[in-house]
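Values quoted throughout were computed directly from the atomic coordinates according to the rules given, and no laboratory measurement underlies them. Please read all numbers here as calculations on a predicted model, not as lab measurements. Cβ placement follows ideal geometry from the backbone for every residue including glycine, while neighbour counts extend to all protein chains displayed.
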Amino acid sequence: MALTAKSFTINFDQMTGLSNEKESVKRNLSDMKNMFYDVEALEEDIKNENDPQVYEYYDLDIPKTDGDIQFGSSIVSPGKVGNEYYMTKGHFHTVLETGEVYYCISGEGYMLMENPEGDWQIEKFIPGQAVYVPPRYAHRSINTGDQPLITFFAFRADAGHDYGTIETKGYRKLVVEIDNEPQVIDNPKWKQ
């Protein structure tokens, strides 16, 4: 019989998405060097803005078994590099056949998804709306608003994360600001 986690509670503040019970994992612009397509704007922002924080999230100490559920909150700061909105790195799951659910607590933005076969999808985040990420899809949260984008997520705890594929290839699509509106464009740096 496999051991699973003992029950527990953790508080996530409904205004900030943060917990005072556990330290979050933070990602600054310097951690995102291969993610944004405008490398010159990225380097300039890192230099001039003292390497601002782009997002943070929670990685809880839950056993990595198929019977447990990993969950937490993710907070993406408002901002842009050039005309590309702040976003999470994005990832596939190591167990590729894993779906995930994100629930938008506050802010606005998008969930960008793509699978290895080339299909891509995008769904809007607005408060109170849940986005389902199907199995086999890499996914990334993108903040297109002027407030933090706060989401709550849950997925099978043994799914793991594959950030390397995205760091190497990128996403096929990007969400950028054109004429003061979010637009989806082809990624000029995407590698097959």
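Summing +1 for each Lys or Arg and -1 for each Asp or Glu among the other residues whose beta-carbon sits under 13 angstrom from that of V101 gives -1. The magnitude of the dipole of the range 25-186, with charges of +1 and -1 set on the Cβ of Lys/Arg and Asp/Glu and taken from the Cα centre, is near 280 debye. Toward the positive end of the charge dipole of the chain, with +1 on the Cβ of Lys and Arg and -1 on the Cβ of Asp and Glu, the farthest Cα among G160, Y85, Q129 is that of G160. Helix 39-48 and the longest principal axis of the Cα set of the chain meet at an angle near 80°. By other beta-carbon atoms within 10 Å, ranking F92, F8 with the fewest at the front produces F8, F92. Specify the inter-centroid distance of the range 144-192 and the range 3-44, based on alpha-carbon positions, in whole Å. The two parts, judged by their Cα centres, are 14 Å apart.
For the chain, what is the relative contact order in percent, using Cα pairs closer than 8 Å and at least 6 residues apart in sequence? Write out the running numbers ahead of the final one.
Details: 446 pairs, mean separation 44.2, N = 192.
The value is 23 percent.
Just add up the charged neighbours of R156: K/R +1, D/E -1, any other residue whose Cβ is under 13 Å from the Cβ of R156.
Working: positive: K64; negative: D66, D68, E97, E100, D158.
Local net charge: -4.
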